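Read through the structure below, which is laid out as structure tokens, and then see the notes.
The values are calculated or read from the model by the stated rules, or taken from the named source; none is laboratory data. Note that the structure is predicted; figures quoted are calculated from it, not measured. Cβ atoms come from the backbone with ideal geometry, glycine included; neighbour counts cover every protein chain shown. Only protein heavy atoms, including side chains, enter the accessible area calculation; ligands, DNA and RNA are left aside. Shrake-Rupley method; radii C 1.70, N 1.55, O 1.52, S 1.80 Å.
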Amino acid sequence: MLILLILALATPAQPQQADVRALARDAALAWNEGRLAEAGAHAAQAYDGLAATNCLGTPDGARLAFMAAIAAKAGQIEEPHGYFFWAASRLDRVARGLDGQQRRIARDYAIEPGLSPGLDPRFARSPFLHTPRPRRARGCEAVLPELNAASASHQAGILFARTRNPSNRYAVVRPVYAYPDSLRDMAAQIEGTYDMQGVARHNMIIHFKFTPCLFVQDDRGVRSELCPEGVSAP
């Protein structure tokens with residue numbers, strides 16, 4: 001009996017379906033209201049909860065992984081975006097859940113296991129370690145409310161766009177995906193500004209982080225901020 005008690009105390013409590021549902025609800029609410037850091041943190045926790053209840057292979061699993069990836073790529077949570085984009089793409093293949101734009105971003109920004117040592121801890125404690133080819137989960141109830149990325153205000157956001165960057169000057173910026181959706185309107189303003197990091201000179205999908213504004217610089221090296229309408233520079 002003593003041994004059983006010790007084992008029970010040493011074993012982490014498994015998330016209940018109600019806990020996962022509450023986390024997913026909080027993630028969706030924060031996502032819909034433009035609170036990306038909270039959305040990403042709750043999404044990552046709900047994702048782990050679904051994995052513990054064997055219901056990760058669902059559309060909700062793909063969406064939660066994508067939300068966590070977006071928040072991580074925007075620098076809002078301490079999670080590996082490469083893993084979560086990879087997980088979102090993997091889960092979307094078997095259960096769907098992502099739209100065409102999200103699917104493209106997840107595929108392009110995913111990092112495969114073993115390619116980045118920094119991701120190894122996340123991969124090691126993921127369900128994919130033992131089930132590298134997951135199947136769609138059956139008999140699982142939906143836990144994630146409807147998502148809406150059209151929030152008028154945001155604390156942080158990210159725009160993914162296809163563009164060419166010769167000599168650090170953006171040519172044409174074509175939005176692919178944005179969170180929130182309103183950041184798509186910033187593409188025309190980004191065109192012609194200069195990138196401080198020097199992006200490759202061929203057409204590719206790159207990202208622009210708004211926190212809540214985007215830092216840019218001109219040809220003289222003068223830095224400035226591009227702020228969406230209604231957003232003031234911090």
Scan (1) open to solvent by less than 40 Å² (accessible area, probe 1.4 Å); (2) part of a helix (DSSP H, G or I); (3) of a type outside the set (A, V, I, L, M, F, W, C) for the single condition residue 42 breaks and write down its number.
(1)
Got a number for residues in region 113-141 being at pLDDT 75 or above and open to solvent by 70 Å² or more (accessible area, probe 1.4 Å)?
5
Could you tell me whether region 180-194 includes any residue that is modelled with pLDDT of 90 or more, in contact with a helix residue (DSSP H, G or I) (Cβ under 7 Å, 6 or more places away or on another chain) and open to solvent by 30 Å² or more (accessible area, probe 1.4 Å)?
no
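Kindly indicate whether residue 96 is open to solvent by 70 Å² or more (accessible area, probe 1.4 Å) and either on the phi > 0 side of the Ramachandran plot or at pLDDT 70 or above (or both).
Working: open to solvent by 70 Å² or more (accessible area, probe 1.4 Å): yes; either on the phi > 0 side of the Ramachandran plot or at pLDDT 70 or above (or both): yes.
It is true that residue 96 is open to solvent by 70 Å² or more (accessible area, probe 1.4 Å) and either on the phi > 0 side of the Ramachandran plot or at pLDDT 70 or above (or both).
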Can residue 83 be described as more than 17 Å from residue 144 (Cβ to Cβ), of a type in the set (Ser, Thr, Tyr) and in contact (Cβ under 8 Å) with a residue 12 or more places away in the chain?
yes
Could you tell me whether any residue of region 50-59 is modelled with pLDDT of 95 or more, outside any helix (DSSP H, G or I), open to solvent by 30 Å² or more (accessible area, probe 1.4 Å) and not aliphatic (A, V, I, L, M)?
no
How many residues does region 99-112 hold that are assigned to a helix (DSSP H, G or I) and either modelled with pLDDT of 95 or more or not acidic (Asp, Glu) (or both)?
9
What's the number of the condition residue 34 fails, among (1) in contact (Cβ under 8 Å) with a residue 40 or more places away in the chain; (2) open to solvent by less than 10 Å² (accessible area, probe 1.4 Å); (3) in a helix (DSSP H, G or I)?
(3)
